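**Q** Please find one structure pasted underneath; my questions will follow.
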Amino acid sequence: MHDFSLSIRLWYRQNKRNLPWRETKNPYLIWLSEIILQQTRVIQGKSYYLKFVNRYPEIEDLANAKEQEVLNLWQGLGYYSRARNLHFASKQVMEEFSGKFPSTYKDIKQLKGVGDYTASAIASFAFDLPHAVVDGNVYRVLSRYYTDETPIDSSQGQKLFKAYAQDLIGNEDPAEFNQAIMELGALVCTPKNPDCESCPLQEQCSAYLKSSQLDFPVKSKKTKVTNKYFNFFISSSNQLQIEKRKGKGIWQNMFQLPLIESDKPLTLNDVKSITKKKWNTKTQNKITEYQHILSHQKIHASFWKVDSLITNESEYITVNLDEIRDYPLPRLIDRYLEENHEAYGNS
DNA sequence: AATCCGGGGTG
DNA sequence: CACCCAGGATT
């Protein structure tokens, strides 16, 4: 076994966190935890994992649920395609795999929402198969260990770091190796202020020896943020009109208030003119505004008071405030209701 | 290969 | 403010 592998395994046995999904070999529960934890910190995902396990103890329970209920449980976690794909994949397991969770890397990866990382994680954690995981932690640990400047957000980098990890994992307890390297990245080899004095790889780590830890990993692209202007409308404080978002953009199949989107800020006069023409309603005043920051866009949201319900469009559903908890809402709408409507009970 | 998809925490 | 988090699908 490589020094690398043995060192991090010994470190892991002494330093691992006790997490609920580490106490099971049930592939359904491991899959559920991995989907929740995609691009999500352990501390943020943990309560969602417990909620889902409680509501859907078996994959069949998830497959039999309504998508709206699944999205509702996911509310606030973001990247809602994960919830839609999770639900879809549960039905794949019931129909294409006769209710038995697939047990090979190839079959696992057929599931919607499961890519290379998640298939490798399930294959190793649930079935002890030697597939190396490469997540953000692994990129960081290995790029520093080897001071490899290949950009991790390139297809070449993805192949290279996968090969590095696969070369190190070995056949003996691959699950432990995968857990160990990710845990090391999460607890010691952190993006900023890595705790190199506690690192079992310190003596062999190329970046440590060159004091260049913070130069790794290398990324080639920068995400650029685009500005968007969302105008939402409320006609009374006790009843809301909402609609289900369609199309392929943000918050698909989630619910929102009646929306007018623009590429520039709108004045009260702009809004009065538009709502009069579109809905034959009269806008009275701006209630409040929020800036909602996402990784790739900055939403400038204004909430406007109108004098009456919209009656000329059929897609709007009218609900009482105490019924709205049944509808999955983006965090932006959820926050608005929390802070402006007394009767909005938040779970 | 590039772009899109949330929300929250950190320094 | 920039960066990142147990990434994947779509184009």
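The values are calculated or read from the model by the stated rules, or taken from the named source; none is laboratory data. Note that the structure is predicted; figures quoted are calculated from it, not measured. All Cβ positions, glycine included, derive from the backbone under ideal geometry; neighbour counts span all protein chains shown. Calculation scope for accessible area: heavy atoms of the full protein, side chains included, ligands and nucleic acids excluded. Shrake-Rupley method; radii C 1.70, N 1.55, O 1.52, S 1.80 Å.
**Q** What are the residues in the range A:180-189 that are out of contact with any Cys (no Cβ under 8 Å at 6 or more places or on another chain) and open to solvent by less than 30 Å² (accessible area, probe 1.4 Å), if any?
**A** If the condition is that a residue be out of contact with any Cys (no Cβ under 8 Å at 6 or more places or on another chain) and open to solvent by less than 30 Å² (accessible area, probe 1.4 Å), then A:A180, A:I181, A:M182, A:E183, A:G185 are the ones that fit.
**Q** Restricting attention to the range A:63-80, which residues are under 18 Å from A:D326 (Cβ atoms) and away from DNA strand B (no atom under 16 Å from the Cβ)? Let's see the steps before the verdict.
**A** Restricting attention to the range A:63-80, the residues satisfying the condition of being under 18 Å from A:D326 (Cβ atoms) are A:64-77, A:80.
Hits for the range A:63-80 are A:N64, A:A65, A:K66, A:E69.
**Q** Considering only residues of the range A:81-93 that are within 14 Å of DNA strand B (Cβ to nearest atom) and either without any contact (Cβ under 8 Å) to a residue 40 or more places away in the chain or not charged (D, E, K, R) (or both), which is surrounded by the most Cβ atoms within 10 Å (Cβ to Cβ)? Steps first, answer last, please.
**A** Taking the range A:81-93 first, the residues within 14 Å of DNA strand B (Cβ to nearest atom) are A:81-86.
Add one more test, that the residue is either without any contact (Cβ under 8 Å) to a residue 40 or more places away in the chain or not charged (D, E, K, R) (or both), and what stays is A:81, A:83, A:85-86.
Numbers: A:S81: 14, A:A83: 26, A:N85: 17, A:L86: 24.
Result: A:A83.
**Q** Now for a different question. I'm trying to understand the selection: among the residues of the range A:306-322, which are open to solvent by less than 80 Å² (accessible area, probe 1.4 Å) and either touching a strand residue (DSSP E or B) at 6+ places or on another chain (Cβ under 9 Å) or within 13 Å of A:E243 (Cα to Cα) (or both)?
**A** Step one: of the range A:306-322, the residues open to solvent by less than 80 Å² (accessible area, probe 1.4 Å) are A:306-310, A:313, A:316-321.
Answer for the range A:306-322, where residues must be open to solvent by less than 80 Å² (accessible area, probe 1.4 Å) and either touching a strand residue (DSSP E or B) at 6+ places or on another chain (Cβ under 9 Å) or within 13 Å of A:E243 (Cα to Cα) (or both): A:V306, A:D307, A:L309, A:I310, A:E313, A:Y316, A:I317, A:T318, A:V319, A:N320, A:L321.
**Q** Those residues that are open to solvent by 60 Å² or more (accessible area, probe 1.4 Å) and more than 6 Å from DNA strand C (Cβ to nearest atom), I need them from the range A:105-119; list them, please. Spell out the reasoning first.
**A** We begin by selecting, within the range A:105-119, every residue open to solvent by 60 Å² or more (accessible area, probe 1.4 Å); these are A:106, A:109-110, A:112.
Across the range A:105-119, the qualifying residues are A:K106, A:K109, A:Q110.
**Q** Looking at A:K224, A:K219, A:K192, which is the one that is assigned to a loop (DSSP other than H, G, I, E, B), within 30 Å of A:K286 (Cα to Cα) and within 16 Å of DNA strand C (Cβ to nearest atom)?
**A** Values: A:K219 fails: within 30 Å of A:K286 (Cα to Cα); A:K192 fails: within 30 Å of A:K286 (Cα to Cα).
Among A:K224, A:K219, A:K192, only A:K224 is assigned to a loop (DSSP other than H, G, I, E, B), within 30 Å of A:K286 (Cα to Cα) and within 16 Å of DNA strand C (Cβ to nearest atom).
**Q** Hey, among the residues in the range A:120-167 that are of a type in the set (K, R) and either over 26 Å from A:L32 (Cβ atoms) or open to solvent by less than 20 Å² (accessible area, probe 1.4 Å) (or both), which one's farthest from DNA strand B (Cβ to nearest atom)? Write out each step before concluding.
**A** Step one: list which residues in the range A:120-167 are of a type in the set (K, R), which gives A:140, A:144, A:159, A:162.
Retained after the next criterion (residues that are either over 26 Å from A:L32 (Cβ atoms) or open to solvent by less than 20 Å² (accessible area, probe 1.4 Å) (or both)): A:144, A:159.
Working: A:R144: 17, A:K159: 9 Å.
For the range A:120-167, the residue satisfying everything is A:R144.
**Q** Name the single residue that is farthest from DNA strand B (Cβ to nearest atom) among those in the range A:215-235 being over 23 Å from the mean Cα position of the chain (by Cα) and not hydrophobic (A, V, I, L, M, F, W, C).
**A** Top of the filtered list is A:S235.
**Q** Of all strands (runs of 3 or more DSSP E) completely enclosed by the range A:249-347, which ones contain at least 3 residues that are within 16 Å of DNA strand B (Cβ to nearest atom) and within 24 Å of A:A83 (Cβ to Cβ)? Steps first, answer last, please.
**A** Details: elements: A:259-262, A:283-293, A:297-306, A:317-320.
Result: A:283-293, A:297-306.
**Q** Restricting to the range A:190-214, name every residue that is polar (S, T, N, Q) and either more than 14 Å from DNA strand B (Cβ to nearest atom) or open to solvent by less than 10 Å² (accessible area, probe 1.4 Å) (or both). Quick ask: steps written out before the conclusion?
**A** Kept after step one, since they are polar (S, T, N, Q), are these residues of the range A:190-214: A:190, A:193, A:198, A:202, A:204, A:206, A:211-213.
Across the range A:190-214, the qualifying residues are A:S198, A:Q202, A:Q204, A:S206, A:S211, A:S212.
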